[in-house]
Amino acid sequence: METTHYRDTRGLDTTRPGFTDAVVKGIAHGGGLYVPEDLPRLELDEILVMAEMPYWQRATRIFERFGVDLPGVRIAELMRVAYGENFDDARIAPIEEVVAGMHVLELWHGPTSAFKDMALQCMPVFFSEGIALKQERGELTDDYLVLVATSGDTGKAALEGFADRDHTRIVVFYPEGGVSDIQRKQMVTQRGDNVSVFGVRGNFDDCQNAVKAAFNDEAFNAELHEKHGLRLSSANSINWGRLLPQIAYYVSAYADMVASGGVVTGSKMDVCVPTGNFGNILGAYYAKKMGVPIGKLLCASNENNVLADFIATGTYDITSRDFVTTPSPSMDILISSNLERLLFELADAEKVREWMASLSTDGRFQVDRETFGLMREHFIGDWVSNDESLGVISRVYDETGYLMDPHTAVAWEVAERLRDVNPVLVVSTAHWAKFGADVYKALSGLLYGDPLPEDANSLSGVELLGKVRELAEAARVPHALAELDHAAVRFTGVVDAGRDGVENAVRDWLG
């Protein structure tokens with residue numbers, strides 16, 4: 001199969017890398033994102049036969065169809081590493097029908113109990129493979145330093161995926177006070193000789209902007225190369241290596257939906273995704289463009305509802321929008337980086353450059369009427385308040401016995417509001433236990449802003465999970481989360497927001 005090459009959303013990088021080079025580079029020269037020049041077309045039979053395969057083989061098929069520049073046998077070997085006993089369910093991404101016509105795609109069965117594992121158990125093995133190949137060909141002498149900004153789940157998943165991986169080091173930055181106790185402990189106790197973690201005094205957008213500024217600092221990049229033999233890359237969802245595994249699980253999900261009777265063969269299912277950086281729902285968009293029978297893409301936002309507003313109006317505006325802390329912190333994002341890829345697919349590189357420049361300088365942009373119309377052919381959106389999301393957790397548990405986390409609750413509520421005739425696949429992005437405090441509030445009938453009761457307030461995030469289980473006896477806590485309080489804290493550093501804070505933290509760590 002011919003190798004697929006990648007182009008730049010801003011049209012400034014003309015190198016046309018293959019998959020492994022695009023993954024290693026992470027971001028295009030000039031700040032754009034890589035997208036495939038051509039999308040494969042999947043026939044319905046080709047999709048449905050995947051129901052008979054283990055998940056690693058399904059993912060292998062998708063990577064092969066995308067013209068990944070590795071032998072098929074090697075892709076399969078790497079997929080066996082990515083999707084094996086590191087997941088607690090052999091199905092990897094199982095689907096549960098919670099009520100008639102409403103199905104939940106559980107993407108949190110990986111080692112960190114969040115959907116980011118679906119990509120970040122996969123991407124690092126291909127990343128290391130790509131570096132090794134470039135070094136073997138004499139095209140590269142450096143190793144790579146992966147910089148990650150996280151709103152919670154990406155950080156731990158990236159650390160877990162890259163820990164002790166050949167040719168790589170990784171530093172994660174998270175908003176101090178902006179992630180749950182469980183999420184913070186998952187990161188600061190991470191094993192591995194090649195990892196480091198820092199809190200940042202600010203919110204996720206501050207973290208993301210600081211990391212992006214470090215990438216664009218030529219002097220800092222030169223310093224890393226000359227002093228440490230390192231180049232920068234990214235494991236955030238701006239890296240195409242994160243997107244392709246997400247496309248795979250939507251193809252897989254349709255095969256499973258048909259096999260279980262959740263959707264009639266060839267009929268459409270709608271997909272509802274709790275959306276922050278726009279990568280997860282973008283994977284569903286690409287799957288749809290490839291031929292998966294997907295109807296509407298339902299974009300579910302929390303109170304940081306910039307994406308829902310954009311889909312409704314065609315105007316992306318953060319000039320007067322306050323950043324809101326919510327019980328779904330992985331969605332607490334005002335600058336959704338992956339939206340750039342969708343805009344490129346609907347318009348062209350010149351328009352994307354104009355819109356991204358306007359967002360950078362003015363804090364807003366407005367797409368043209370044609371682009372807005374094309375977007376509305378696929379996407380609709382809505383948003384859910386903090387208190388509403390906790391109410392959904394309680395209501396759905398009382399009615400069905402299914403316990404969900406606050407991100408999934410946002411998607412569930414939007415799916416109920418917007419669903420039409422098609423079955424709906426609600427994407428569940430995290431295990432409930434990662435957000436035990438808010439799940440406890442939900443099951444106790446408390447509002448998001450209410451303090452925890454005195455007997456719960458002094459408990460650690462892990463200890464609080466026991467209080468949740470008193471209210472929901474059948475609720476299971478993953479072993480890795482249950483043992484967190486006994487894990488040694490390795491990283492305690494907190495830095496100022498901004499480029500200097502990120503760069504100085506990296507310098508201090510590298511020595």
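The values are calculated or read from the model by the stated rules, or taken from the named source; none is laboratory data. These numbers come from a predicted model, not from an experiment. Here the Cβ positions follow ideal geometry from the backbone for every residue, glycine too, while neighbour counts run over all protein chains shown.
Couple of notes before you dig in:
- Yes/no for A119 being modelled with pLDDT of 95 or more, out of contact with any helix residue (DSSP H, G or I) (no Cβ under 7 Å at 6 or more places or on another chain) and hydrophobic (A, V, I, L, M, F, W, C): no
- Among all positions in the stretch 496-507, there is no residue which is in contact with a strand residue (DSSP E or B) (Cβ under 9 Å, 6 or more places away or on another chain), in a strand (DSSP E or B), of a type in the set (A, V, I, L, M, F, W, C) and surrounded by 14 or more Cβ atoms within 10 Å (Cβ to Cβ).
- Unmet requirement for G449, which otherwise passes all of (1) at pLDDT 95 or above; (2) over 30 Å from L230 (Cβ atoms); (3) surrounded by 18 or more Cβ atoms within 10 Å (Cβ to Cβ): (3)
- Pairs meeting the criteria (first residue in the stretch 389-412 and on the phi > 0 side of the Ramachandran plot, second residue part of a loop (DSSP other than H, G, I, E, B), beta carbons under 8 Å, at least 6 apart or on different chains) are G401/A474.
- No other residue among R10, R65 is in contact with a helix residue (DSSP H, G or I) (Cβ under 7 Å, 6 or more places away or on another chain), basic (K, R) and either free of Cβ contacts under 8 Å to residues at least 24 places away in the same chain or buried (at least 16 other Cβ atoms within 10 Å of the Cβ) (or both) apart from R10.
- The stretch 171-193, subset under 18 Å from H407 (Cβ atoms) and of a type in the set (S, T, Y), residue surrounded by the fewest Cβ atoms within 10 Å (Cβ to Cβ): S180
- Given (1) modelled with pLDDT of 95 or more; (2) touching a helix residue (DSSP H, G or I) at 6+ places or on another chain (Cβ under 6 Å); (3) of a type in the set (S, T, N, Q), index of the condition T154 fails: (1)
- Annotation: of all residues in the stretch 335-372 being among the aliphatic types (A, V, I, L, M) and under 30 Å from S428 (Cβ atoms), the one that is surrounded by the fewest Cβ atoms within 10 Å (Cβ to Cβ) is I335.
- Elements of type helices (runs of 4 or more DSSP H) contained in the stretch 115-231, each with 1 or more residues being under 15 Å from the mean Cα position of the chain (by Cα) and over 30 Å from R74 (Cβ atoms): 181-188, 204-215
- Number of positions in the stretch 242-278 that are of a type in the set (G, A, S) and at pLDDT below 95: 1
- Test: residue in the stretch 85-98 that is over 26 Å from S151 (Cα atoms), crowded, with 22+ Cβ neighbours inside 10 Å and in contact (Cβ under 8 Å) with a residue 40 or more places away in the chain: no
- Helices (runs of 4 or more DSSP H) contained entirely in the stretch 253-372, each with at least 3 residues that are more than 26 Å from M50 (Cα to Cα), among the polar types (S, T, N, Q) and free of Cβ contacts under 8 Å to residues at least 24 places away in the same chain: 349-362
- Flag if A76 is among the hydrophobic types (A, V, I, L, M, F, W, C), surrounded by fewer than 19 Cβ atoms within 10 Å (Cβ to Cβ) and farther than 30 Å from R419 by Cβ: yes
- Selection status of G110, over 22 Å from the mean Cα position of the chain (by Cα) and either closer than 30 Å to A409 by Cα or not basic (K, R) (or both): no
- Scanning the stretch 439-466 for residues that are touching an Asp or Glu at 6+ places or on another chain (Cβ under 8 Å) and either closer than 20 Å to N280 by Cβ or among the charged types (D, E, K, R) (or both) yields a total of 2.
- One residue from D438, D420 being part of a loop (DSSP other than H, G, I, E, B) and either within 17 Å of the chain's Cα centre (by Cα) or touching a residue at least 40 places away in the same chain (Cβ under 8 Å) (or both): D420
- Some residue of the stretch 232-242 being assigned to a helix (DSSP H, G or I), surrounded by 22 or more Cβ atoms within 10 Å (Cβ to Cβ) and hydrophobic (A, V, I, L, M, F, W, C): yes
- Per-region count, the stretch 381-390, residues crowded, with 18+ Cβ neighbours inside 10 Å and not in a loop (DSSP other than H, G, I, E, B): 6
- Odd one out for D332 among (1) surrounded by fewer than 20 Cβ atoms within 10 Å (Cβ to Cβ); (2) modelled with pLDDT under 95; (3) not aromatic (F, W, Y): (1)
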